[in-house]
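Reviewing the structure listed below.
Derivation of every value follows stated rules applied to the coordinates shown; laboratory data play no part. This structure is a prediction, so every number in the text was calculated from the model and none was measured. For neighbour counting, all protein chains shown are included, and Cβ atoms are generated from backbone atoms with ideal geometry for every residue, glycine included.
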Amino acid sequence: MGRPKPKRELIEDVLDAGRELGAAAVFFHSAVADRFGFGATDTKTLDLLQHSGPLTPKVLSELTGLAPASITGIIDRLERKGFVRRVPHPEDGRRLLVEFDPSAASRMAPLYDGLGRSLTEMLQGYTADQLELLAGAFRESARRQQAAALEVTAQT
């Protein structure tokens, strides 16, 4: 049995694995997006709407770190293809919400099903404690990436 790696090396390994995961995710989502004539940010914005519920364009901009003009373009593309719709805000008729069209899920599901099954199979091999650790690390990583995206947007 070899000597354990120093913590510095383990951190580098984790960061490298995260980079690989990020790249693989971008390539996968780009392939899915390409099937519908979207960009990867379009499908990830759609995913955000599907899981978060209706959001204002301003909140979408804040959550994605994308400029308001970019969000408007994404919403326009998604709406033209029937994946989202703009609806009046229930509490402020001057504002709009963007909501996911549930019928769009059936068009996209076949492209995600195989990956979902494969990842679920992989995760079955982890203990409950390990799964809690992974979920926490992924959520915190996502939160920090969102904050970094907002910083980049603020610099432009």
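Rounded to whole numbers, the Karplus 3J(HN,Hα) couplings from phi for the range 47-56 are 4, 4, 5, 5, 8, 9, x, x, 9, 6 Hz, using 6.51 cos²θ - 1.76 cosθ + 1.60 with θ = phi - 60°, and x at Gly and Pro.
What FRET efficiency do you get for Asp16 and Asp129 if R0 is 25 Å and r is their Cβ-Cβ distance, rounded to the nearest 0.05? Walk me through the intermediate numbers first.
On the way: r = 24 Å, r/R0 = 0.96.
The value I calculate is 0.55.
Between helix 128-154 and the chain there is an angle of about 50 degrees, using the helix long axis and the longest principal axis of the Cα atoms. Here the spin labels are modelled as points 7 Å beyond Cα on the Cα-Cβ line, and at Arg8 and Ala147 they lie 2.5 nm apart.
Remark: the range 100-115, residue by residue, has Karplus-estimated 3J(HN,Hα) of 5, 8, x, 5, 5, 4, 5, 6, 9, 3, x, 6, 9, 4, x, 5 Hz, where x stands for each Gly or Pro and the curve is 6.51 cos²θ - 1.76 cosθ + 1.60 at θ = phi - 60°.
Phi angles of the range 28-36 translate, via the Karplus equation with coefficients 6.51, -1.76, 1.60 and θ = phi - 60°, into HN-Hα couplings of 4, 5, 5, 5, 5, 4, 4, 4, 10 Hz per residue; Gly and Pro are given as x. Restricting the calculation to Cα atoms, the range 7-125 yields a radius of gyration followed by a Dmax of 16.8, 55 Å.
Within 12 Å, Cβ to Cβ, of Phe27, how many net charges do the neighbouring residues add up to if Lys/Arg are +1 and Asp/Glu are -1? Overall, the nearby charge balance is -2.
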